[in-house]
Amino acid sequence: MTQCANPDCENEVLSTRTNALWCGRRCGTRVRNLRYQAKKYGIRGPKTRAALAVPPPEFSPPPPIEDKTLDFEERLDRVFSRLTVLPRPDPLCMVPPPLPEEDLGFGPQHQVALFSDLHRGLIVDSQETGGLGGYNLDICRDRLAKWRDKVPRFRQTYRFEVTKLWLLDLGDDFAGHGKMYPAQAYFLQEHLTEQVVGFVVDMEDVLRCFAAAYQRVHVVKVKGNHGRTGDKRGDRPERDNVETLAWRWIADRVRDLDNVTIEIAEGFFALVDILDHVFYLTHGEDILPASPYAQRGGLNTKLRMNSVLGRVINYLCLAHHHYKMTIEREIGGKLIVNGCFPGPDLLSVKTYHEANLPSQKVFAVHPKWGITHETEIYLASPEEVRQVPVYGGTP
């Protein structure tokens with residue numbers, strides 16, 4: 001007779017259990033579980049109960065990012081003192097468009113610029129993503145300035161008259177308050193107050209640039225999920241969203257511009273009529289755009305909302321998912337997913353194993369043909385978002 005192989009057991013293996021290591025099934029299960037737990041926690045050596053009692057490593061809490069002794073007015077003064085203006089617009093974006101060629105028969109059209117997922121205040125550390133991406137406040141504002149300049153510049157490629165610019169903001173202008181997910185506070189460069197104040201000042205500059213380049217500018221705003229005030233989805237009413245507050249502030253600051261109109265949707269979506277074509281705008285956290293047939297699938301959502309609203313939606317525009325996509329499986333309509341400003345991040349690269357260049361969609365709308373001249377405004381090159389180190393190699 002031999003002793004049981006379980007180090008916590010002092011029984012002997014019965015001679016009737018030929019080639020057995022354990023005195024019974026319970027000891028065998030116990031040892032296998034201990035080995036699995038030891039492997040899970042990275043413990044080497046004897047797989048005993050004592051070995052598994054090694055305490056896990058301790059993580060120090062994140063450093064505080066706010067001096068809570070300051071009152072609100074002092075914090076606001078500190079935020080304003082740190083503001084800087086965006087770089088001046090590229091002169092090329094202010095060049096008048098080419099004269100329309102009457103014999104082409106295009107007729108006047110409207111230009112539409114989708115805007116979403118700026119995530120001001122977000123930090124994407126390329127060291128965590130393996131050299132992919134990279135985002136901070138300076139990059140955010142640089143890409144915002146590029147987008148501001150490129151929207152009017154695309155107008156130079158149109159051989160027809162553009163009478164109006166539609167700016168459709170689909171949400172997530174801010175990174176949020178730091179509790180959208182457990183570790184979010186580690187990836188914030190600004191407090192929510194700083195995010196809001198900085199965005200308002202920068203967006204006023206953008207709108208004044210557009211007002212100088214277009215006869216009319218019409219903004220329609222739907223809120224995203226990162227502007228909510230609750231810690232988790234459903235904690236607070238949908239209308240408790242700082243993006244609504246920010247855009248009301250922007251509307252007040254540009255009230256002297258007679259050719260700029262700003263409309264803010266109170267609900268989670270907005271219906272917009274552009275030259276008799278119906279656009280359904282929503283942030284899109286409740287939609288699975290890549291799946292046409294799931295209950296929350298993109299095209300399924302579009303068809304369901306046709307019935308709910310009693311209107312035929314030509315174009316469903318959404319954001320949130322940080323990748324661009326277009327699905328067109330019907331006559332006179334399509335689903336459009338807008339890109340984002342940050343580009344690759346830890347979620348897209350590690351969880352979904354996919355990434356796009358940071359981009360925003362721009363197109364024209366014809367009264368008969370609907371969307372025309374659809375294109376992307378790319379805000380970074382592949383070399384800027386892909387700096388992957390390679391270890392080893394030939395010495």
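The values are calculated or read from the model by the stated rules, or taken from the named source; none is laboratory data. Being a predicted model, the structure only gives us computed values, none of them experimental. Glycine also receives a Cβ, built like all others from the backbone with ideal geometry; neighbour counts cover every protein chain displayed.
Side notes on the structure shown:
- Within the range 301-322, the set of residues being of a type outside the set (D, E, K, R), surrounded by fewer than 20 Cβ atoms within 10 Å (Cβ to Cβ) and out of contact with any Leu (no Cβ under 9 Å at 6 or more places or on another chain) comprises Leu303, Asn306, Ser307, Val308, Gly310, Val312.
- Filter pass, Val390 being in contact with a strand residue (DSSP E or B) (Cβ under 7 Å, 6 or more places away or on another chain) and hydrophobic (A, V, I, L, M, F, W, C): no
- Scanning the range 167-186 for residues that are crowded, with 20+ Cβ neighbours inside 10 Å and of a type in the set (A, V, I, L, M, F, W, C) yields Leu167, Leu168, Leu170, Phe174, Ala175.
- Flag for Arg304 being part of a loop (DSSP other than H, G, I, E, B) and farther than 30 Å from Leu207 by Cα: no
- Within the range 206-225, considering residues that are surrounded by fewer than 19 Cβ atoms within 10 Å (Cβ to Cβ) and in contact with a Leu (Cβ under 8 Å, 6 or more places away or on another chain), the one farthest from Asp117 (Cα to Cα): Arg216
- Scanning the range 239-254 for residues that are over 19 Å from the mean Cα position of the chain (by Cα) and of a type in the set (Asp, Glu) yields a count of 2.
So that you can scan it fast, the table gives a plain yes or no per residue for (1) modelled with pLDDT under 95; (2) under 21 Å from the mean Cα position of the chain (by Cα):
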position: Asp256; (1), (2): no, no
position: Ile264; (1), (2): no, yes
position: Ile274; (1), (2): no, no
position: His277; (1), (2): no, no
position: Gly298; (1), (2): yes, yes
position: Asn314; (1), (2): no, no
position: His320; (1), (2): yes, yes
position: Tyr323; (1), (2): yes, yes
position: Thr326; (1), (2): yes, yes
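- Residue match in the range 6-14 (condition: in the same structural domain as Arg143 (by TED's automatic domain parsing), at pLDDT 75 or above and either surrounded by fewer than 16 Cβ atoms within 10 Å (Cβ to Cβ) or assigned to a loop (DSSP other than H, G, I, E, B) (or both)): no
- Applying the condition of being assigned to a helix (DSSP H, G or I) and aliphatic (A, V, I, L, M) to the range 204-221 and asking which residue is nearest to Glu263 (Cα to Cα) yields Leu207.
- Qualifying residue in the range 265-283 (condition: outside any strand (DSSP E or B), touching a Gly at 6+ places or on another chain (Cβ under 8 Å) and of a type in the set (D, E, K, R)): no
- Comparison of Phe363, Phe341 shows that the only residue that is modelled with pLDDT of 95 or more, among the hydrophobic types (A, V, I, L, M, F, W, C) and not in a strand (DSSP E or B) is Phe341.
- Test for Ser381: is it within 21 Å of the chain's Cα centre (by Cα) and surrounded by fewer than 18 Cβ atoms within 10 Å (Cβ to Cβ): yes
- Matching entry among Val362, Val337 (being β-branched (Val, Ile, Thr), closer than 26 Å to Gln184 by Cβ and touching a residue at least 12 places away in the same chain (Cβ under 8 Å)): Val337
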